[in-house]
Amino acid sequence: MMRPLDQLAEIAQKAVGIGNDLIKTARPQTVTEKSDRDTYTDVDIRIEREIRAYLAEATPEIGFIGEEEGASDQTANSECVWALDPIDGTANFVHGVPLCGVSLALVQNDRAIVAAVVLPYLNLLYSAVRGHGAQVNGQSIGASKAVELSKSMIAIGDYALGEGADRKNNQHIALTAALAAKVERIRMFGSAAHDLVWLAEGRVDGVVILSNNMLDVAAGILIA
C-alpha cells in the first residue's frame, strides 16, 4: 500500500533540497557532451546520485529514474516511480546564468501525483500534490487571469539540438514570429521547470513547451 501523498510530498521537498544545496555551493569541474551540444556536468551526476540514495532509503518501495544515469533496478516492478532532472537548465548553470532548478516528480500511471521543483539561486521551492493545488515556499499560488494575448507574457521552450534540430528550429522560429505579432512579450528562460512553475505562479501568462521528455516537464506540469 502506498503511503499518504502528503508524506511523499515532504520527502520530495527534502530530496530537491539536496540538489539545492549542491547547486549553490558547487561549480562544474567537468562538462560532458551527451549529444550535439547537449551536455551534463559532474554536478548533475552528483545531485542525481545523492538524491537517488536518499530516496532509496526513504522510499525503498518506489522506483527511480534520473535523466543522467537512468532507472534503478526496482523501477520495473514499482507501482510508482520518482522521476528526476537533477539540473534543469544545465547550460545556464555552466555559464553562471542563475536560471536552473532541480525537478522531481512521483509518477503513477504516466502522470505526476507529487511534485517538487527548487530554484536554488532564487530561493524558491515549488510543490504540489494532485488535487490539492500548488505552493511556493509554503504559500498557495495561482495562475494569471490574463485573457488578452496583447497583455500576456509568454514563455517558450529552448531551441532544439541533435537529430532533426533544423526542422524543429524552423518551426520554432515560425511559432515565435506568430506569437510576437500578438503577445506583449516572449521570454526564453532555458529551463522548462522555470517556465512551468512561473506559469503556476502567474509570473508568465502562458507557456509553449517544446520538449516531450517526461523528466523535463512531469513535476512542472503538475505544479502548473
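The values are calculated or read from the model by the stated rules, or taken from the named source; none is laboratory data. Just so it is clear, the structure is predicted and the values come from calculations on it, not from any experiment. Cβ placement follows ideal geometry from the backbone for every residue including glycine, while neighbour counts extend to all protein chains displayed.
Quick notes on this structure:
- Condition check for GLY101: in contact with a helix residue (DSSP H, G or I) (Cβ under 6 Å, 6 or more places away or on another chain), assigned by TED's automatic domain parsing to the domain that holds ASP42 and closer than 14 Å to HIS194 by Cα: yes
- Number of the exception - ASN212 against (1) farther than 16 Å from SER103 by Cα; (2) in a loop (DSSP other than H, G, I, E, B): (1)
- Qualifying residue in the stretch 32-47 (condition: surrounded by 21 or more Cβ atoms within 10 Å (Cβ to Cβ), in contact (Cβ under 8 Å) with a residue 12 or more places away in the chain and closer than 13 Å to LEU215 by Cα): no
- Flag if LYS24 is part of a strand (DSSP E or B) and either outside the structural domain of ALA192 (by TED's automatic domain parsing) or within 17 Å of ALA218 (Cβ to Cβ) (or both): no
- All strands (runs of 3 or more DSSP E) inside the stretch 28-67 with 1 or more residues being among the β-branched types (Val, Ile, Thr) and either in contact with a Gly (Cβ under 8 Å, 6 or more places away or on another chain) or under 21 Å from MET2 (Cβ atoms) (or both): 63-66
- Residue within the stretch 147-157 that is outside any strand (DSSP E or B) and without any contact (Cβ under 8 Å) to a residue 24 or more places away in the chain present: yes
- Qualifying residue in the stretch 166-181 (condition: under 24 Å from ASP21 (Cβ atoms), more than 15 Å from the chain's Cα centre (by Cα) and modelled with pLDDT of 95 or more): no
- The residues of the stretch 160-187 that are assigned to a loop (DSSP other than H, G, I, E, B) and surrounded by 15 or more Cβ atoms within 10 Å (Cβ to Cβ), listed by number, are ALA160, LEU161, VAL183.
- Hits in the stretch 188-207 (condition: farther than 17 Å from LYS145 by Cα and not in a loop (DSSP other than H, G, I, E, B)): ALA192, ALA193, HIS194
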